Amino acid sequence: MRVTLLVTCGTSLLRNAASDASPTKPQGISDALHKRLVEMNNRYNISRLSRLEPGSIEDSEIRDKHAYSGSELFQSLLDYIRERGGSYATAEINTMDLLIRDNRLLPDDISNVFLYHSDTGSGLLCARVMEEYLRNERGLRVERVEVQGFSKAKALEQFQECMIDLMSKVVRMVKRRKRGSTTHDMGADEVERVYVLATAGFKPESTAAVIAALLAGADGIYYVYEATRELVSIPAIPLALDERVKGYVEMIFGKDYRDEPRDAILERGIGAEVVDMLEERGLIESKGELNSKVGLRDWVRELLS
């Protein structure tokens, strides 16, 4: 069995590193690393980095100065994962390791790991550290997928746009990986399966990723249950766009899903209440000068293609 993993990412690495930077050295890390973690915590307040306001000056500085190999903070966090172990250092890798254990997967069974992270400084820092660890220490094929807009989102509408970007990217990836597995001459045991690991990240982001993955036909959703620290599997319940919605989409946009002037849609006898309903559900969006046109959202286009 071949597996692709789509992993929602948060900042658990920063929270765990801050906890282990306490005056009492925890088991599992050397004296030298503990001393360095304490220094980094005194200098940067690691715990606070996970709670920085997106788009703030401090968050931008993390992105510009520390979210790359060579930064002392980056290197300290990387060494922390190496010594502490990925399962102890991050919720994301802990979920991966439990999945690998419970499904008896070998490293070669994992085709790709995609890390979905925000465009905030702290989100990028954690994702890049995990990317380097998984690639160089575990030998996995890893790719980051940056979800746009979180670093600038101030209003609810902007935050919703970030959710749409996340859903579009998850749908696109699930469909691409599932489509790729059917184009090769694979045996039954070699069919590509796509799993979403949704333990980490803020709950709205994880929820959006799960819904998008199920709509696109993912094979399973996994997260770690906080009370027992055990891996929980959510069945791949088949979800789909309502057939009536599909009919409205084709009536409005045609089979090539071209953008359409709002007035022209109404002139064809399609009620304004239908257009408003589709827009409220996040299926279409206003476009063009003075929002005179409407277009299909990317994630819906991906589902229907």
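Every number in this text was worked out from the coordinates using simple rules, so none of it is lab data. Because the structure is a prediction, the values reported are computed rather than measured. Note that we place each Cβ from the backbone using ideal geometry, even for glycine, and neighbour counts take in every protein chain shown.
Here are the numbers:
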item: Calculated [θ] (222 nm, deg cm²/dmol) that DSSP helices of n ≥ 4 give over the chain, each run adding -39,500 (n - 2.57); result: -15500 deg cm²/dmol
item: Highest-first arrangement of 198-211, 2-15, 270-283, where packing means the average Cβ count within 10 Å; result: 2-15, 198-211, 270-283
item: Segments 255-267, 212-224 sorted - mean Cβ within 10 Å per residue, highest first; result: 212-224, 255-267
item: Expected-Rg normalisation [2.2 N^0.38 Å, Cα atoms] applied to the chain; result: 1.12
item: Lys pairs under 25 Å by Cα in the chain, provided they are eight or more residues apart or on distinct chains; result: 26
item: Peptides ranked, highest mean first, by Cβ atoms within 10 Å: ranges 238-250, 131-143, 292-304; result: 292-304, 131-143, 238-250
item: Interchain or long-range residues, amide H under 5 Å from Lys287's placed H; result: Ser292, Lys293, Val294, Gly295
item: Distance between segment 161-180 and segment 60-97 - C-alpha centres, whole angstrom; result: 26 Å
item: Computed FRET value (nearest 0.05) for Glu53 with Thr24, which takes r as the C-beta separation and R₀ as 30 Å; result: 0.45
item: Karplus 3J(HN,Hα) series, Hz, for segment 267-280 with 6.51 cos²θ - 1.76 cosθ + 1.60 (x for Gly, Pro); result: 5, 7, x, 8, x, 4, 5, 5, 4, 4, 5, 5, 6, 5
